[in-house]
Amino acid sequence: MRKILLISLLLFSSTAFAQTWGTYGTTWSTGILESFFSANQGYIQTIIIGDTTLLTQQCKILQSNHYNSSGQLVLVDTAFLYKSNNKIFCYLTNTFYTLYDFNASVGDTWQTIAPYPSPFSSSGNPPDSMVTIVVDSTSNTSINGQIKKVLYVHSAYNDWFFLNPIIEDIGSAGGLYPYIYGWMDNDIPYLRCYTDSSIFYQRNINFPCDTLINDIPENEIIGMIVYPNPAHDQLKISFLNKHFQFQITILDSQGRECLRRKVQSGKQDIELDVQSLAAGFYSCILFNEHFKRIVKIIKF
């Protein structure tokens, strides 16, 4: 039995909230194992779609949709978060809880919450479990030329935990909230990709951020990156392994064709001029007789 663990992430910034983490269109692609016994794998795409005010706090609205290989699209979660003093706070049950504390040093702790039901688990979890996070070590890493703090943590008193590492502007390697990573759990989340107007981060380049698996042999999965997303003037496509001829079609939110081009994948980036497209959401479809990929993009 093939078990492909598609990974995703939720990323949070140490820089000014309005400059990076909080920008409209910031996107996380959280690959999930839909079921331990299923060949169908999907991903959850989380996008910052706007702002709101809760308990006097100005928050970002994060909407999460589940895409799977059977063609289903399901809204699974809407989260409300804000950043203050290098901490990320999440809103649950009429209260804000600390989600990540990037001021923390070795030995420091903070309390967070595992929401019920988990957006990644069809079987749910105990109602709103409180989790004590303990920092084991810290370090720094460079991502796109920017230095980010890295936290390695564990959870005290119960089995809910963040998958390490937790990175500034990236967050937990297992998604937004703590999760129980038991071998029998369904819908297990794993970090895959994050993108905003200035950063692209991919944890495992062997599997593209938005891969949908449906009995495709692993060696036929074509690795590629579509960036920047959101796009303004140019949209670039980098292929990471195979060399195939593709047709690229871009459709608007109404399904109308806006662009078509035949390309040969290779080491060089493919550049598409999208300057003439109106601001909004689009589908970039890459296909040939053997393969099809659909990438959701935002034009601003």
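Could you run through the stretch 191-204 and say how many residues are modelled with pLDDT under 80 and within 19 Å of residue 65 (Cα to Cα)? Talk me through it step by step, then tell me what you get.
Of all residues in the stretch 191-204, those modelled with pLDDT under 80 come to 196-198, 203-204.
So of that shortlist, the ones also within 19 Å of residue 65 (Cα to Cα) come out as 196.
Adding up the residues that qualify gives 1.
Only strands (runs of 3 or more DSSP E) wholly contained in the stretch 42-87 count here; list those with 1 or more residues that are free of Cβ contacts under 8 Å to residues at least 12 places away in the same chain.
42-54, 73-84
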#### Entry: Flag for residue 212 being of a type outside the set (Ser, Thr, Tyr) and modelled with pLDDT of 80 or more
no
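Looking at 159, 108 in this structure, which one is among the charged types (D, E, K, R), at pLDDT 85 or above and open to solvent by 50 Å² or more (accessible area, probe 1.4 Å)?
Answer to the selection: 108.
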### Within the stretch 139-156, considering residues that are closer than 25 Å to residue 188 by Cα and open to solvent by 70 Å² or more (accessible area, probe 1.4 Å), the one farthest from the chain's Cα centre (by Cα)
154
## Note on the structure
residue 78: passes all of (1) farther than 23 Å from residue 210 by Cα; (2) surrounded by fewer than 21 Cβ atoms within 10 Å (Cβ to Cβ); (3) at pLDDT 75 or above but (1)
## Note on the structure
Selection over the stretch 162-186 where residues are over 27 Å from residue 227 (Cα atoms) and modelled with pLDDT under 85 yields a count of 8
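The values are calculated or read from the model by the stated rules, or taken from the named source; none is laboratory data. In this text, all values refer to a predicted model and were calculated from it rather than measured experimentally. Note that we place each Cβ from the backbone using ideal geometry, even for glycine, and neighbour counts take in every protein chain shown. Only protein heavy atoms, including side chains, enter the accessible area calculation; ligands, DNA and RNA are left aside. Shrake-Rupley method; radii C 1.70, N 1.55, O 1.52, S 1.80 Å.
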